[in-house]
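These notes are about the structure you will find just below.
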Amino acid sequence: MAILEEVKKDYGQLKLYVNGEWVESRSTDVYNSVNPATGETIATFPSATEDEVNRAIESAQSALAVWKGVPLRDKARYLFDLRGKFEERFDRLCRILVQDHGRTMGEAVGTLRRCIENIESACSALLLLTKGDYVSELARGIDQTLYWEPRGVFLIVTPNNIPMHAWSSYVPYAIASGCPVIVSPSKEDPVCLQAIFETVEEVKGFPPGLMNLVYGGRNVNAQILEHPHVKGVGFIGSTGVGLKLFSQAGRLGKEASINGNGKNHVVLMPDADFDSAVNGLLRGCYGMAGQRCLGADNILIVGDESYDKFRDAFVKASGTMKMGYGLDESTELGPLVSERGKQNVLDFIQKGVDEGARLILDGRDVKVEGCEKGFFVGPTIFEDVDPDMHIAREESFGPVANLIRVKDLDHALDLINNKDNYGHSACIFTKDGSAARKFTKQADVGNVGLNVAVPQPYAFFPLGSKNESAQGCAKSRIDSMRLFLDQKTVTERWV
């Protein structure tokens, strides 16, 4: 398969995008963006100053009134033009995502398809979900109308694991709702967001200030959310950081959509198609190097015979995955997004060893030819995992799988529902419809998979996470229209 070229070796110092212009920051607080496959710096970027952040907020506030006055059909056309620009730049955006984040090329293609699907979904939402309701002659001579109106300017915070996908899970819907945004990306992969905004800039019709880009992390995010013009926040990332933003939003009386950590389970029943389960779990456990919200962590296997059969096949398949730089299209597993992320996963694995779990596949000392400075951890599999262990309760955020024996489906559901406070996803592999129905109704999670290892909702479904995995009034994607739109009723008498 082909080895693709990098878009650039060095992207230089990134600029802010404020009021429709690329702006050189005056900040002396500058960070490096590193290619996680090679360990090489590919860009530097500034933490925006307080004045620069305020300028972004003011430009967004000015754009609010302008965008309100744009006819609905024109708004839809501009959004659809944005979809076209993503298609035109598809390969470029994929390669930048691989270089800046560490994806494989296949994973990058999937991500960009998701981005385009979200823009398409936002176009549909613009035409359908912004419509109001009207009742004539509600009482004698009285009519009543419900209007949907944009709340105002929003902060959108994108994480290091899904920088482009997270942008698309909020921003197109904000624009469809009439809300300007200020996007604050993770410090690990800011080049991805620069590439997104270069694509946005190609669309003719968006008013200056409708979409703004600033860098800086938690202090900048807190400053933005504190500003009276800013009406709320959309966030995908860790539960810890999300709860701080949620608390700040609550204190200020602002809206929030918070997506946090998870600890996801996959149940294998004795009647499962084990070949399908093995193939699915290679993606579920190791896709995006394990850095995905809906990825699998705990594999709960019913029956000793099933356990032995699955373990042997899964270890064999995991051990043959090709690791490397994602621009080599034959690569199956890329690096962690950062050196810190790699160290966190190594610490997690060591914690499992210290707790007494047994490593049957150890990915800690992998060597990747040509990528010796990259942040790689190979597929890692534990068995003899007690459900009370740290590694069974907390998210590894790396290519780590725990094999856990369970007696039956009830035992599995008890572990899923009672051993942690998260609620992203749970999946089951079975041919038994009654077992699948029971699992669907009783698993206390927001996203259920039947004979799939990653229950990824389509763009026009919400990411239905629960418990400590999500807080706020909306759950991203099309559900974020509830975040951005407010209601107004008009009662009128003319008789």
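Taking N as the number of residues in segment 68-108, what is its alpha-carbon radius of gyration divided by 2.2 N^0.38 Å?
Working: Rg = 14.6 Å, N = 41, 2.2 N^0.38 = 9.0 Å.
Normalised Rg, Cα atoms only: 1.62.
Hey, what do the phi angles of segment 89-103 turn into as Karplus ³J(HN,Hα) couplings, whole Hz, using 6.51/-1.76/1.60 and θ = phi - 60°, x for Gly and Pro?
Values, residue by residue: 9, 3, 5, 4, 5, 4, 5, 5, 4, 4, 5, 8, 10, x, 5 Hz.
Once the Cα atoms of helix 339-355 and of the chain are each reduced to a long axis, what angle between those two axes, in degrees from 0 to 90 to the nearest 10, is obtained?
Here the helix axis deviates by roughly 40 degrees.
Compute the Cα gyration tensor for segment 417-465, then decide on rounded, prolate or oblate, letting a ≥ b ≥ c be the square roots of its eigenvalues: rounded whenever a/c is under 1.5, prolate when a/b is larger than b/c in the other cases, and oblate in all that remain. Intermediate values should be presented prior to the final figure.
On the way: a/c = 2.00, a/b = 1.15, b/c = 1.74.
Since a/c reaches 1.5 but b/c is at least a/b, the shape of segment 417-465 is classed as oblate.
Would you mind working out the magnitude of the charge dipole of the chain relative to its Cα centre, with +1 at each Lys and Arg C-beta and -1 at each Asp and Glu C-beta, to the nearest 20 Debye?
Details: 55 positive and 66 negative charges, 267 e Å.
Dipole about the Cα centre, nearest 20: 1280 debye.
In angstroms, what radius of gyration and Dmax does segment 192-316 have, counting Cα atoms only?
21.5, 63
In degrees between 0 and 90, to the nearest 10, how far off the longest principal axis of the chain does helix 409-418 point, with axes built from Cα atoms?
The two axes meet at around 50 degrees.
Can you work out ³J(HN,Hα) from phi for every residue in segment 320-332, in order, using Karplus 6.51 cos²θ - 1.76 cosθ + 1.60 and θ = phi - 60°, giving whole Hz and x for Gly and Pro?
9, 5, 7, 9, x, 6, x, 6, 7, 5, 8, 5, 9
So what are the ³J(HN,Hα) numbers for segment 24-37, from phi and the Karplus equation (6.51, -1.76, 1.60; θ = phi - 60°), rounded to whole Hz, Gly and Pro as x?
Coupling constants for segment 24-37: 6, 6, 8, 5, 9, 8, 10, 10, 9, 10, 10, 5, x, 7 Hz.
Classify segment 144-249 as rounded, prolate or oblate, taking a ≥ b ≥ c as the square roots of the eigenvalues of its Cα gyration tensor: rounded when a/c is under 1.5, otherwise prolate if a/b is larger than b/c and oblate if not.
Values: a/c = 1.79, a/b = 1.12, b/c = 1.59.
In terms of gyration-tensor shape, oblate.
Tilt of helix 433-442 relative to the longest C-alpha principal axis of the chain, in degrees (0 to 90, nearest 10)?
Helix 433-442 sits roughly 60 degrees off the main axis of the chain.
Relative contact order for the chain: what is it in percent, counting Cα pairs under 8 Å that are at least 6 residues apart?
Values: 1157 pairs, mean separation 99.7, N = 495.
Result for the chain is 20 percent.
Are there GluC sites (Glu not before Pro) in segment 1-59 that DSSP puts in a loop and that have at most 14 other Cβ atoms within 10 Å, and which ones? Don't jump to the answer; show the numbers that get you there.
Details: sites: Glu5, Glu6, Glu21, Glu24, Glu40, Glu50, Glu52, Glu58; in loops: Glu5, Glu6, Glu24, Glu40.
Qualifying residues, ordered by number: Glu5, Glu24, Glu40.
Checking the table Lys244/Lys466; Lys351/Lys438; Lys441/Lys466 against a 23 Å threshold on Cα-Cα, which pairs fail? It would help to have the intermediate numbers written out before the result.
On the way: Lys244/Lys466 18 Å; Lys351/Lys438 34 Å; Lys441/Lys466 14 Å.
Over 23 Å Cα-Cα: Lys351/Lys438.
Quick one: pull the percentage of alpha-carbon pairs in segment 6-92 with a separation above 21 Å. Mind dumping the intermediate values first?
Numbers: 2046 of 3741 pairs.
I get 55 percent for the Cα pairs in segment 6-92 exceeding 21 Å.
If you average 1/r over all unlike Cα pairs in the chain and invert the result, what Kirkwood radius do you get in angstrom? Could you put the intermediate results ahead of the total?
Values: mean 1/r = 0.0425 Å⁻¹.
Final number for the Kirkwood radius of the chain is 23.5 Å.
Classify segment 265-458: rounded, prolate or oblate, from the alpha-carbon gyration tensor (a ≥ b ≥ c, eigenvalue square roots; a/c under 1.5 rounded; otherwise prolate if a/b is larger than b/c)? Write out the running numbers ahead of the final one.
On the way: a/c = 1.71, a/b = 1.56, b/c = 1.10.
It is prolate, given that a/c is not under 1.5 and a/b is the larger ratio.
Under 19 Å from the Cα of Lys187, which aspartates and glutamates turn up, not counting those fewer than eight places away in the same chain?
Counting by Cα, and skipping residues close in sequence, Lys187 has these aspartates and glutamates nearby: Asp10, Glu24, Asp29, Glu40, Glu50, Glu52, Asp100, Glu198, Glu339.
The numbers here are math on the coordinates, done by the rules we state, and not lab data. Being a predicted model, the structure only gives us computed values, none of them experimental. Positions of Cβ are backbone-derived with ideal geometry, glycine not excepted, and every protein chain shown enters the neighbour counts.
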